Amino acid sequence: MSLSFGLPSEAMTEAEIITLFRESQALLEGHFQLSSGRHSDQYFQCALVLQDPEAASRLGTALARCFKTPREISAVVAPALGGILVAHEVARALHVRSLFTERVNGQMTLRRGFSLRSGSRAVVVEDVITTGLSTLETVRAVEATGASVVALGALVDRSGGSVSSQFTIPLHSLLTMEAKSYLPAECPLCAKRIPIVKPGSRS
Ligand code: ZN
């Protein structure tokens, strides 16, 4: 497994961020069967770090500090469900509103009376960004209101950094990791007969 880091934050050192993820078991290393059925040397579940409100607040503050022009930002928007807590904590640090989009008939939409003023500036954040699809759909939902998205943020970029090429908007991540997974028949950890763990199971 390789780990590298995004922009340094004033609020937390890189070591503190990774320690938070490891101590909460949001980040595990070993031999895992993922929900997709594929095998990996790494398991990542952001909800396990965000279940601690103190940790969520520290991470949100660290991510908020990556945005260079916070005074221009009037709202933080995230796709439900994973991004909601992150948007909430980033918005708390920036003293702006926190909104979320959700899928309605397959379309990412701002519901519940959430609105953005035409011409205002927002940031879109996620807990984990992998393909960038839900981030992209949330950007479109924001732009449909006449507001613009000036920056993107994620606690963890699981694409190893490659996902940022999908966007014309700068992406800031606290942590960048490359998610490697294997078909069971091609898994090097199985070849080494390392016992496999299914995260989330009680057995
Ligand atoms: Zn395996």
### Message
Suppose each label sits 7 Å from its Cα in the direction of the beta carbon; what would the GLU23-SER165 distance come out to in nanometres?
### Response
3.7
#### Entry: Nearest-ten-degree value, helix 133-143 long axis tilted from longest Cα axis of the chain
0
### Task
Starting from the Cα of ARG71, step 7 Å along the direction of its Cβ; do the same at GLU54; then give the gap between the two resulting points in nm.
3.4
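Given R₀ = 41 Å, FRET efficiency for ALA80-ARG193 by Cβ-Cβ distance, to 0.05?
0.50
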### Task
Would you work out the charge dipole size for the chain about its Cα centre, treating the Cβ of every Lys and Arg as +1 and the Cβ of every Asp and Glu as -1, and quote it to the nearest 20 debye?
440
### Summary
Taking Cα atoms, the helix 84-94 axis meets the longest principal axis of the chain at an angle in degrees (rounded to 10) of 50
### Message
Just to confirm the number: angle between the C-alpha axis of helix 14-23 and the first principal axis of the chain, 0 to 90 degrees, nearest 10?
### Response
60
## Note on the structure
For LYS180, the lysines lying under 29 Å Cα to Cα, once residues fewer than eight places off in the same chain are dropped, come out as LYS192, LYS198
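Rounded to the nearest 500, what is the chain's calculated 222 nm mean residue ellipticity when only DSSP H runs of at least 4 contribute -39500 (n - 2.57) each, over all residues? Write out the running numbers ahead of the final one.
Numbers: 6 runs with 52 residues, N = 203.
Roughly -7000 deg cm²/dmol at 222 nm, from the helical runs in the chain.
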### Query
For the charge dipole of the chain, defined by +1 on Lys and Arg C-beta atoms and -1 on Asp and Glu C-beta atoms about the Cα centroid, which residue among SER74, PHE32, LEU48 has the Cα displaced farthest towards the positive pole?
SER74
## Note on the structure
The ratio Rg/Rh over the Cα atoms of the range 53-178, Rh being the Kirkwood inverse mean 1/r radius, stands at 0.93
### Query
Can you pull out the cysteines in the chain that have no other Cys Cβ under 4.7 Å?
CYS46, CYS66
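No lab work stands behind these numbers, since they all come straight from the coordinates. Fair warning: this is a prediction, and the values are worked out from it, not measured in the lab. We place every Cβ from the backbone using ideal geometry, glycine too, and count neighbours over all the protein chains shown.
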